[in-house]
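Comments concern the structure below.
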Amino acid sequence: MGSKAGEIVVRTLASAGAVVLAGAVALTGPQAQAWAGTGTGTRAAAWDDDEGRPLFTFKDRRITESSGLAVSPTHPDVYYTHNDSAAGPVFYAVGPNGRTRATFTLRGASARDWEGMAASKDPATGRGVLWFADIGDNFDGAWPDVSVYRVDEPTTMRDATLPAVRYRFRYEDGKHNAESVMVHPRTGRLYVVTKQFAGGVYAAPKRLRTDRINVFRRVGSAPIMATDAAYAPDGSSFVIRTYFSATVYRAPGKEISRVSMPPLEQAESIAYTPDGRALLTGSEGVGSPVYRVPLPERVLREIDATRAKATGDRKAAPTPTGSADGRATTAADAGPDARGDARAADADAGVPNRAVALWLAVAAGATGVITFIARRAR
């Protein structure tokens, strides 16, 4: 068994541990009630506008491990995705019916462990830009550096090979595993989020260089085991996805709220809808679904207030709960729906100690398997 086989074992055991932890989280106390909608005064989350069914499922059987997801910034109703490791530098343009419209290959790129992608517009030209993050490192130090590829968004939906620009990176504080990449839509600055128990948000330099290794610098903390992240289309907020939920931030370290997610076999990807009022989230596997998750009104109000503050437009900022007299109200004042949303957020606020213990037990088993493989491979 070579290093690739060992990596597969690690990924399998890590995924199993995450599933155990996610299951424990979902079935613990009020969280189970929140999923089922049975908690007193708590409503079940509506994952899209059609009674919880996926927005679409990927029809292309070549899409086996949809690990990244992005909405086209220039083509209406076009979604991009790519596979995880063990696939070439290929991505897919998919329509709203889940069918592949075009397949693109990156020239000058490799796919060691593609884990995420992002879409943005070039602030100078307004042209769409796609970013592919080859940042997976299941051994937290197997690779001397990681890479992110930049490619101009295709102008037509026809199969093609596109030239890519490679940027190499290292972290200022050592090596990390990561699966999340996002780009600020106004500044064009690149960020990654590490996938660890004590993860972090790392910012790339303002100006990326191809002739040297760029350095990621930590600018904030991240939730446990982050699997993807994305900026809102206007840059007013960003979201970090984990195996358990999603958290919306106004800035690194400045949390707005957690948002419950639909139960998925392995939560992998997240993106904002073009209007910034909902999230899209997906999973791995052939025929995997993509769900639309509307952001709760309380979250949208916070985002609107942040946007208004950033632009200096005080009149655009709504009152905290939309009360007619401008008086700040609490969840208790705002009616049963707001109270239910608040309880659902509280239910998702932490990971139980019992769940962490289960995950650590699986991690310990993975360590034993890795040691056994290493000895046999000598």
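Each reported figure results from applying straightforward, stated rules to the coordinates on display, with no laboratory input. Computed from a prediction, not measured in an experiment: that's the story for all the values here. Here the Cβ positions follow ideal geometry from the backbone for every residue, glycine too, while neighbour counts run over all protein chains shown.
Below, the figures for the structure above:
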| read-out | value |
| --- | --- |
| Cut-off under 5 Å, modelled amide H: who pairs with S257 long-range | V248 |
| The range 47-326 - Kirkwood radius from inverse mean 1/r over Cα pairs (Å) | 18.8 |
| Note, ³J(HN,Hα) from phi for the range 247-254, Karplus 6.51, -1.76, 1.60, rounded to Hz, x at Gly and Pro | 10, 9, 10, 8, 6, x, x, 10 |
| Within straight-line cross-link reach of K309, lysines at Cα separation under 20 Å, skipping those fewer than 8 residues along the same chain | K254 |
| Amide H within-cut-off set for R101, under 5 Å, with H built and near neighbours excluded | A93, V94, G95 |
| Surrounding net charge for G95, when Lys and Arg each add one and Asp and Glu each subtract one, Cβ distance under 13 Å | +1 |
| Net charge of neighbours whose Cβ lies under 10 Å from the Cβ of D140, counting Lys and Arg as +1 and Asp and Glu as -1 | +1 |
| Radius 14 Å from Cβ of G174, net charge of other residues (Lys, Arg +1; Asp, Glu -1) | -1 |
